[in-house]
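Bear in mind that the values in this text are calculations on the coordinates, not laboratory data. Note that the structure is a prediction, hence the values are computed from the model and not measured. Every residue, glycine as well, gets a Cβ built from its backbone with ideal geometry; the counts of neighbours run over all protein chains shown.
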Amino acid sequence: MWPKTAITERLSLEYPIIQAPMAAFSLAELVSEVSGAGGLGSLASATMSIAQLSDQAKAIRARTGRPFALNFFLHEAPKLDEARVARWQGRLSAYHRQLDSAGAAHDPATPQFAVPPPFDQAMLEQVLLIKPAAVSFHFGVPSSAVVSALKRAGIYVLASATHVKEALLLEQGGVDAVIAQGSEAGGHRGTFAVTPEQAALGLFALLPQIVDAVKLPVIATGGIADGRGIAAALQLGASGAQLGTAFLTAAETAIAPVYRRTLLEPRAANTRLTKLFTGRPARAIVTRYLDELREWEDETLEYPLQRVLTQQLSRAAPDDPEFQIMLAGQNASQLRELPARELFELLVRQTEHTLARCAAS
Ligand SMILES: Cc1cc2nc3c(=O)[nH]c(=O)nc-3n(C[C@H](O)[C@H](O)[C@H](O)COP(=O)(O)O)c2cc1C
C-alpha cells in the first residue's frame with residue numbers, strides 16, 4: 001500500500017513521514033520514538049551548543065539504531081541596534097511593571113544578547129563526527145563546501161523552500177531534496193530569496209509548482225496534521241511529508257505545560273505570521289503580546305535578538321499564555337496528546353485508509 005519514494009529508499013525508512021525539527025522542543029526522546037517507529041525524527045539542533053548536540057545524538061543512538069536527521073539555521077550573524085533595544089525596553093516596561101506588581105518572580109536585569117552563532121565550521125565538524133543519516137537546513141542555501149563535505153560523508157542534505165525560485169536555488173546549490181514549506185506551517189518561514197508576501201503560498205499551490213520545477217525529491221510541509229494530509233501530499237507528487245505541529249503535543253515533546261495546554265484549546269486555531277517574537281516571520285498562536293504590539297512588526301531587532309526580549313517576558317510570566325512564544329501551524333484542530341509512537345502509528349493507519357479509499361474510487 002505504501003509507495004516506495006526517493007526518501008524511503010535512500011534513508012531506509014518504513015514510511016515517508018518526517019517529524020519536523022522544532023527548535024528547543026524536538027529532543028532525543030521524541031526523535032528516537034519517531035525514528036524507531038519507521039519515520040525520520042529530526043533533532044532540533046540549531047540552538048544547541050556542540051556539547052549539547054553530541055549528548056543528544058548519543059541519547060538518540062542509545063534508544064534506536066534507526067536513521068535520524070539534524071537541522072540547522074543559515075541566517076546571518078545579527079547586528080545589535082542599541083537604539084532599537086532602548087525603544088523596545090520602553091515599550092515592554094509597562095508589561096514588566098505590571099508583572100512586578102503582580103508579584104512575578106522576575107529578572108529585571110538588562111537583557112544579555114548572547115545568541116548561538118549561525119552554523120559554522122566547528123558545528124560542521126561535529127556533524128561529520130555524529131554522521132546522522134540526514135541534515136536539513138532552514139533560511140538559505142548551504143555553501144558548496146558544506147554540501148560537498150556532508151555528501152562525501154554519505155549524509156543526505158535537505159533544505160527548505162517557500163517559493164519555486166528558492167527551490168531552484170537549492171537545486172543549483174547541490175542539495176539532495178527540497179522541503180516545500182507552505183505558509184500554513186508553524187514556526188519560522190524558511191524564506192531566503194523572495195519577500196514574505198511572495199512566499200505567502202499555501203502548500204496545495206506551492207507543492208506541485210516545486211515538484212514540476214526541480215528534478216529533486218520534494219518533501220511537503222505545512223498544515224499537515226493527519227493521514228489525509230500525508231496522502232494528499234503524496235498524491236501531489238511529494239516524496240514525503242514533514243509534520244511539526246502535529247507532534248507538538250506528543251508526550252515526549254519538550255514543551256512547557258502552558259504551551260501544551262493552549263495548543264489543545266480552541267484558540268490554537270487562531271495563528272498568524274509575526275516577527276514580534278524573534279525578528280523573522282514565524283507562525284504562532286495569537287496572544288495579547290502579539291495583538292498589542294502589532295504596530296511594531298517592522299521595528300524588531302534582527303533575528304534572533306528579538307527573542308531575548310520576548311523570552312524575558314515569557315520567563316517573568318511562565319504560566320500566562322499571553323506572554324509565551326507559542327509557535328503553531330494552521331492545523332492544530334487534529335492535535336492529540338499521545339505517546340509519539342501511538343501518534344505515529346495513528347498517522348500511518350489514517351494514511352493507509354485514505355490511500356485505499358482513493359484507490360477504490
Ligand atoms: C514549534 C515549532 C518549531 C519549529 N522549529 C523549526 C526548526 O528548528 N527548524 C526548522 O527547520 N523548522 C522548524 N519549524 C518548522 C517545521 O520544520 C515545519 O516547516 C512546520 O512545522 C510544518 O508545518 P506544521 O507545523 O503545520 O506541520 C518549527 C515548527 C514549529 C511548529
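Where does helix 50-63 land angle-wise versus the long Cα axis of the chain, in degrees 0 to 90, nearest 10?
On a 0 to 90 degree scale, this one is about 40.
Using label points projected 7 Å from each Cα along Cα→Cβ, tell me how many nm separate Ala356 and Ser143, to one decimal.
5.2
Say the dipole of the range 6-67 comes from +1 at the beta carbon of Lys and Arg and -1 at that of Asp and Glu; which of Val34, Gln19, Leu53 then lies farthest toward its positive end?
About the Cα centre, the residue reaching furthest to the positive side is Leu53.
Rounded if a/c is under 1.5, else prolate if a/b beats b/c, else oblate: with a ≥ b ≥ c from the C-alpha gyration tensor eigenvalues square-rooted, which is the range 163-307? Intermediate results must be reported in sequence, preceding the final value.
On the way: a/c = 2.17, a/b = 1.33, b/c = 1.63.
Since a/c reaches 1.5 but b/c is at least a/b, the shape of the range 163-307 is classed as oblate.
Just to verify a number: FRET efficiency for Glu337 and Ala51, C-beta to C-beta distance, R0 = 30 Å, to 0.05?
Details: r = 32 Å, r/R0 = 1.05.
After rounding to 0.05, the efficiency reads 0.40.
Just how large is the dipole of the chain about the Cα centre, in debye to the nearest 20, putting +1 at every Lys and Arg Cβ and -1 at every Asp and Glu Cβ?
Roughly 540 debye for the chain.
Looking at the range 91-200, which GluC sites (Glu not before Pro) are DSSP coil and have at most 11 other C-beta atoms within 10 Å of their C-beta? Before the final figure, lay out the partial values.
Numbers: sites: Glu125, Glu166, Glu171, Glu184, Glu197; in loops: Glu184, Glu197.
Of the GluC sites (Glu not before Pro), the ones in loops of the range 91-200 whose Cβ has at most 11 other Cβ atoms within 10 Å are Glu197.
When Thr249, Thr5 are ordered from fewest to most other Cβ atoms inside 10 Å of their Cβ, what list results? Numbers along the way, then the final one.
Details: Thr249 21, Thr5 18.
Ranking Thr249, Thr5 by Cβ neighbours within 10 Å, fewest first, gives Thr5, Thr249.
So what is the relative contact order of the range 136-270, in percent, for Cα pairs below 8 Å that sit 6 or more residues apart? Mind dumping the intermediate values first?
Working: 232 pairs, mean separation 25.9, N = 135.
Answer for the range 136-270 is 19 percent.
Is there a quick way to get the dipole size of the range 1-106? I mean about its Cα centre, with the Cβ of Lys and Arg at +1 and of Asp and Glu at -1; what is the value in debye to the nearest 20? Numbers along the way, then the final one.
Values: 11 positive and 9 negative charges, 17 e Å.
So the dipole magnitude of the range 1-106 works out to roughly 80 debye.
Taking the alpha-carbon centroid of each part, what is the distance from the range 221-238 to the range 39-56 in angstrom?
Between the Cα centres of the range 221-238 and the range 39-56 lies a distance of 26 Å.
Quickly work out the Thr195-to-Lys215 label distance, labels modelled 7 Å from Cα along the C-beta direction, and quote it in nm with one decimal.
3.4
Nearest 10 degrees is fine. How inclined is helix 121-130 to the longest principal axis of the chain, computing both from alpha carbons?
50
Can you tell me the length gained on complete extension of the stretch Ala153 to Glu9, counting 0.36 nm per residue apart and subtracting the Cα distance? Let's see the in-between values first.
Working: separation 144, 0.36 × 144 = 51.84 nm, distance 1.79 nm.
Going from the current span to full extension adds 50.1 nm.
What is the sum of charges around Leu216, taking Lys and Arg as +1, Asp and Glu as -1, for the other residues whose C-beta is under 11 Å from the C-beta of Leu216? Before the final figure, lay out the partial values.
Details: positive: Lys215; negative: Glu171, Asp176.
Here the count lands on -1.
At a threshold of 8 angstrom on Cα-Cα distance, excluding pairs fewer than six apart, so keeping six or more, what relative contact order does the range 184-260 reach in percent?
Working: 76 pairs, mean separation 21.2, N = 77.
The normalised contact order for the range 184-260 reaches 28 percent.
For the range 171-244, what class follows from the C-alpha gyration tensor (a ≥ b ≥ c being the square roots of its eigenvalues): rounded when a/c is under 1.5, otherwise prolate if a/b is larger than b/c, else oblate? Intermediate values should be presented prior to the final figure.
Working: a/c = 1.68, a/b = 1.11, b/c = 1.51.
Verdict is oblate for the range 171-244.
Antiparallel as a % of all DSSP beta bridges within the chain, to the nearest 5?
Numbers: 7 of 36 bridges.
In the chain, approximately 20 percent of DSSP beta bridges are antiparallel ones.
What net charge is computed for the residues neighbouring Met326, neighbours being all others with C-beta under 14 Å from the C-beta of Met326, Lys and Arg scored +1, Asp and Glu -1? Could the numbers behind the result be given before it?
Values: positive: Arg260, Arg261, Arg267, Arg272, Arg283, Arg288, Arg307; negative: Glu265, Asp291, Asp319, Asp320, Glu322.
Residues near Met326 contribute +2 overall.
Hey, what did the chain get for relative contact order, percent, Cα under 8 Å, at least 6 apart? Could you put the intermediate results ahead of the total?
Working: 726 pairs, mean separation 65.9, N = 361.
It comes to 18 percent, rounded to a whole number.
Under 18 Å from the Cα of Lys131, which lysines turn up, not counting those fewer than eight places away in the same chain?
Cross-link targets: Lys58, Lys151.
Using only DSSP helix segments of four residues or longer, with each worth -39500 (n - 2.57), what per-residue ellipticity at 222 nm results for the chain after dividing by its residue count and rounding to 500? If you can, show how the numbers build up before the last one.
On the way: 14 runs with 146 residues, N = 361.
That comes out to -12000 deg cm²/dmol.
Toward the positive end of the charge dipole of the chain, about the Cα centre and with charges on Cβ (Lys, Arg +1; Asp, Glu -1), which of Leu355, Phe323, Gln98 goes farthest?
Going by the charge dipole, the pick is Leu355.
Tell me which aspartates and glutamates have Cα within less than 12 Å of Lys4's Cα, excluding those fewer than 8 residues away on the same chain?
Answer for Lys4, where 12 Å is the Cα cut-off: Glu14, listed by chain and number.
Give the shape of the chain as rounded, prolate or oblate, defined through the alpha-carbon gyration tensor: a ≥ b ≥ c are the square roots of its eigenvalues, a/c under 1.5 means rounded, and otherwise the shape is prolate if a/b is larger than b/c and oblate if not.
prolate
Let's see if you can work this out: charge +1 on each Lys and Arg Cβ, -1 on each Asp and Glu Cβ, no other charges. What is the dipole magnitude of the range 79-194 about its Cα centre, in debye to the nearest 20? Let's see the in-between values first.
Values: 10 positive and 10 negative charges, 26 e Å.
Around 120 debye, computed over the range 79-194.
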